[in-house]
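One structure below.
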Amino acid sequence: MAEKRPEQQQRSFWGEEVEQSLRAAFDALPHEVPVMLFTEKGRNDVLNTAAQDLLRSFSKISSKIVLREFDLNGEEARKRNVTSAPTLVFDPDRYSIRYLGVPYGEEGRTLVGMLLLVGFRTGNMNEQSIKVLERMASRREIKVFVSPTCPYCPEQAINAVKAAIERPEKVSVEIIDIQSNQEMANRYQAFSVPQTFANEVLIAYGAQAEELFALSLEKLEQQTVFIPETDAELVETDVVVVGGGPAGLAAGIYTVRSGLRTAVIERGALGGQVATTPVVENYPGFNRVPGKTLVDILVSHALEYVQIFQGEEVVDIKTGPRIEVRTGRRKFTAKALILATGANYKRLGVPGEMNFMGRGVSYCATCDGPLFKNRKVIVVGGGNSAVTEALHLHNIGVQTVLVHRRNALRAQEHLAKNIFSNNIEVLWDTEVLEIKGKEKVSEVVLRNKRTGEVYPFPVQGVFVAIGYEPSVDLARSLGVELTPDGFIGHDSHHRTNVAGVYSAGDVEGGYKQIVTAMGQGTEAALSVFEDLTHPYWTSEPEKQAGVARV
């Protein structure tokens, strides 16, 4: 058989459409991007070969990517103090930016972002973040632990790279793939990603908005609130949607299609819980689809219509003739507000849970599961989420035990059957009383509710999937009435008791399905359009006293 020419290999590696997009982006760079790749023969050959194939494919796409390869045991590695392979070093004469591992999967976004930022020689940070970084008087050595299966990691990794480019004399960055560097992940107890350390201090657990990252870096401790030093940019619009999950994205699409200017604000990763769902099996039109793939489809569709402000957290809302919404970056004014703030993972609330978070306790099997390959873990819960997580962990080589406090699963029948057909052990009528260990989880204390027996159960990980709590802090601050279960109260048109404020999605309670959330977002959007055309809060005086609840 004739050997493939290099250009054929390159084309098959990327695909023509992706290759063209990358070439256009890289060829537009004003500067070359020197990349040094260090590999070692005879150790981690699979990873080293994967890194070589990946980086060589990039260098073939554009002459702006200048790749040089070195052996880990050579003089250049000693000169650069490179001690593990594979390691990527970016433009070392200007910056201190390294990637330890193979940036594939979700981390491909990190690699592309790094190449572009280095090629432009600007961190492209906003004015607020730059001002914070300028206050740093001493050096910051950053380590960001990531995983190729984590959709949140690229956001945090790029934050670190931006800081290193903006202040190269003060900031160095190592982005560390936990799958390629398990020993280092164990040493830092980085069992949930992303985790960010600066000067050996944990400064962030999870992804952050750019300003919060900069502030955490300056303070050397995680920050949760950022107050701008100057007035933020003003965005005047008709509708503000808070939340970029399925409900919020659907609401954004339909308000714009109704002729209303709309802004969608999302503080974290777009897609909400769907982004971290390994496989979605109940979305109409798809037999099986990865959650992240479905999110990409939704976001791509939404971007055709609506302006999305990702990585911005709402810090204040004021109602009135014009609703004002403030984030850490800017102020929005609107005629209507849709709260699609979703729900957060419920905690077990047992001793040890918070202490071992990120050190064996996790709420995202997609993000953290690969680190537990060939290890024993429990998944706590009995609904769709718990069963999906258990199946995902089992399929990637994790020894998985499902712990459920009842004697029957609440998950859909199809999912429940897969638990048994895969011979996944289930501990029925069992609850977790405590999570124990030294530096990381080593066992849980379980109680059989039927017999009363209390006993230790050795495990190395605990994945919690027991449901969600609605994110209603913003609603509560506005005086929005809540249901007895803590969800946002609303009428059949998704109106709350506060004029001009609507709700949609999981924050309303109900079935908590993707299609349900999207339907609620659509209904809320259409209600906003109808009400702005014929305001219900001024047409009938009796409605000003409150909205009928359902």
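Are any residues in the range 281-323 farther than 30 Å from ILE158 by Cβ and either among the acidic types (Asp, Glu) or assigned to a helix (DSSP H, G or I) (or both), and if so, which ones? Selection gives GLU281 alone. Looking across GLY509, GLY500, one residue alone is surrounded by 15 or more Cβ atoms within 10 Å (Cβ to Cβ), free of Cβ contacts under 8 Å to residues at least 60 places away in the same chain and at positive phi. It is GLY509.
Only one entry in ILE97, ILE65 is touching a helix residue (DSSP H, G or I) at 6+ places or on another chain (Cβ under 9 Å), outside the structural domain of GLY272 (by TED's automatic domain parsing), among the hydrophobic types (A, V, I, L, M, F, W, C) and over 23 Å from ALA204 (Cβ atoms), namely ILE65.
Among the conditions (1) assigned to a loop (DSSP other than H, G, I, E, B); (2) under 20 Å from LEU220 (Cα atoms); (3) touching a helix residue (DSSP H, G or I) at 6+ places or on another chain (Cβ under 6 Å); (4) among the hydrophobic types (A, V, I, L, M, F, W, C), VAL144 misses just one, which is (1). Output yes when any residue across the range 322-332 is of a type in the set (Asp, Glu) and assigned by TED's automatic domain parsing to the domain that holds VAL280, and no when none is. Yes, the range 322-332 has at least one match. Go through the residues of the range 118-129 one by one and say whether even a single one is closer than 22 Å to GLY268 by Cα, among the charged types (D, E, K, R) and in contact with a helix residue (DSSP H, G or I) (Cβ under 8 Å, 6 or more places away or on another chain). Taking every residue of the range 118-129 in turn, none turns out to be closer than 22 Å to GLY268 by Cα, among the charged types (D, E, K, R) and in contact with a helix residue (DSSP H, G or I) (Cβ under 8 Å, 6 or more places away or on another chain). Residues that are outside any strand (DSSP E or B) and either at pLDDT 95 or above or among the polar types (S, T, N, Q) (or both) within the range 421-439 comprise SER421, ASN422, ASN423, ILE424, TRP428, ASP429, listed in sequence order. Is there a residue being within 29 Å of VAL46 (Cα to Cα), crowded, with 23+ Cβ neighbours inside 10 Å, under 18 Å from the mean Cα position of the chain (by Cα) and at pLDDT 95 or above anywhere in the range 115-130? Among the residues of the range 115-130, not one is within 29 Å of VAL46 (Cα to Cα), crowded, with 23+ Cβ neighbours inside 10 Å, under 18 Å from the mean Cα position of the chain (by Cα) and at pLDDT 95 or above, which makes the answer no.
Annotation: VAL241 fulfils all but one of (1) part of a strand (DSSP E or B); (2) without any contact (Cβ under 8 Å) to a residue 12 or more places away in the chain; the unmet one is (2). Of all residues being among the polar types (S, T, N, Q) and part of a loop (DSSP other than H, G, I, E, B) in the range 385-420, which is nearest to TYR283 (Cα to Cα)? Just the residue, please. Step by step, filter the range 385-420, then rank; the result is GLN412. Every condition in (1) over 19 Å from GLU40 (Cα atoms); (2) aliphatic (A, V, I, L, M); (3) crowded, with 18+ Cβ neighbours inside 10 Å holds for ALA137 except the one numbered (3). If you check LYS318, LYS331 for being more than 30 Å from GLY397 (Cβ to Cβ), over 22 Å from the mean Cα position of the chain (by Cα), surrounded by fewer than 16 Cβ atoms within 10 Å (Cβ to Cβ) and modelled with pLDDT of 90 or more, only one passes: LYS318.
The residue of the range 263-280 that is modelled with the lowest pLDDT, among those that are closer than 10 Å to ILE514 by Cβ and assigned to a helix (DSSP H, G or I), is GLN273.
So which of VAL426, VAL445, VAL472 ends up being at negative phi, touching a residue at least 60 places away in the same chain (Cβ under 8 Å), surrounded by 14 or more Cβ atoms within 10 Å (Cβ to Cβ) and not small (Gly, Ala, Ser)? Unique residue meeting the criteria: VAL472. Within the range 443-471, the residues that satisfy the criterion of being in a loop (DSSP other than H, G, I, E, B), polar (S, T, N, Q) and farther than 23 Å from ALA504 by Cα are THR451, GLN460. Given the criteria touching a residue at least 24 places away in the same chain (Cβ under 8 Å), within 22 Å of VAL299 (Cβ to Cβ) and not assigned by TED's automatic domain parsing to the domain that holds GLY369, does ASN181 qualify? Considered against the rule, which asks whether it is touching a residue at least 24 places away in the same chain (Cβ under 8 Å), within 22 Å of VAL299 (Cβ to Cβ) and not assigned by TED's automatic domain parsing to the domain that holds GLY369, ASN181 comes out as no. A residue that is at pLDDT 95 or above, in contact with a Pro (Cβ under 6 Å, 6 or more places away or on another chain), outside any loop (DSSP other than H, G, I, E, B) and not assigned by TED's automatic domain parsing to the domain that holds GLN412 cannot be found anywhere in the range 472-486. Number of residues in the range 178-191 that are part of a loop (DSSP other than H, G, I, E, B) and touching a Lys or Arg at 6+ places or on another chain (Cβ under 8 Å): the value is 2. Could you run through the range 448-469 and say how many residues are of a type in the set (Lys, Arg) and surrounded by 15 or more Cβ atoms within 10 Å (Cβ to Cβ)? The number of residues fulfilling the criteria is 0. Is it fair to say GLU169 is assigned to a strand (DSSP E or B) and surrounded by fewer than 20 Cβ atoms within 10 Å (Cβ to Cβ)? Considered against the rule, which asks whether it is assigned to a strand (DSSP E or B) and surrounded by fewer than 20 Cβ atoms within 10 Å (Cβ to Cβ), GLU169 comes out as no. Apart from one condition, GLU313 fits all of (1) under 23 Å from the mean Cα position of the chain (by Cα); (2) within 29 Å of ARG495 (Cβ to Cβ); (3) modelled with pLDDT of 95 or more; the exception is (3).
The selection criterion, being surrounded by 15 or more Cβ atoms within 10 Å (Cβ to Cβ), without any contact (Cβ under 8 Å) to a residue 12 or more places away in the chain and more than 16 Å from the chain's Cα centre (by Cα), holds for VAL289. Scanning the range 102-112 for any residue that is of a type outside the set (D, E, K, R), at pLDDT 95 or above and assigned to a loop (DSSP other than H, G, I, E, B) turns up at least one such residue.
Of the set (1) surrounded by fewer than 20 Cβ atoms within 10 Å (Cβ to Cβ); (2) touching a strand residue (DSSP E or B) at 6+ places or on another chain (Cβ under 7 Å); (3) not hydroxyl-bearing (Ser, Thr, Tyr), all apply to GLU183 but (2).
The values are calculated or read from the model by the stated rules, or taken from the named source; none is laboratory data. If you're wondering where the values come from, they're calculated on a predicted model, not measured in any experiment. All Cβ positions, even for glycine, are placed from backbone atoms using ideal geometry, and neighbour counts span all protein chains on display.
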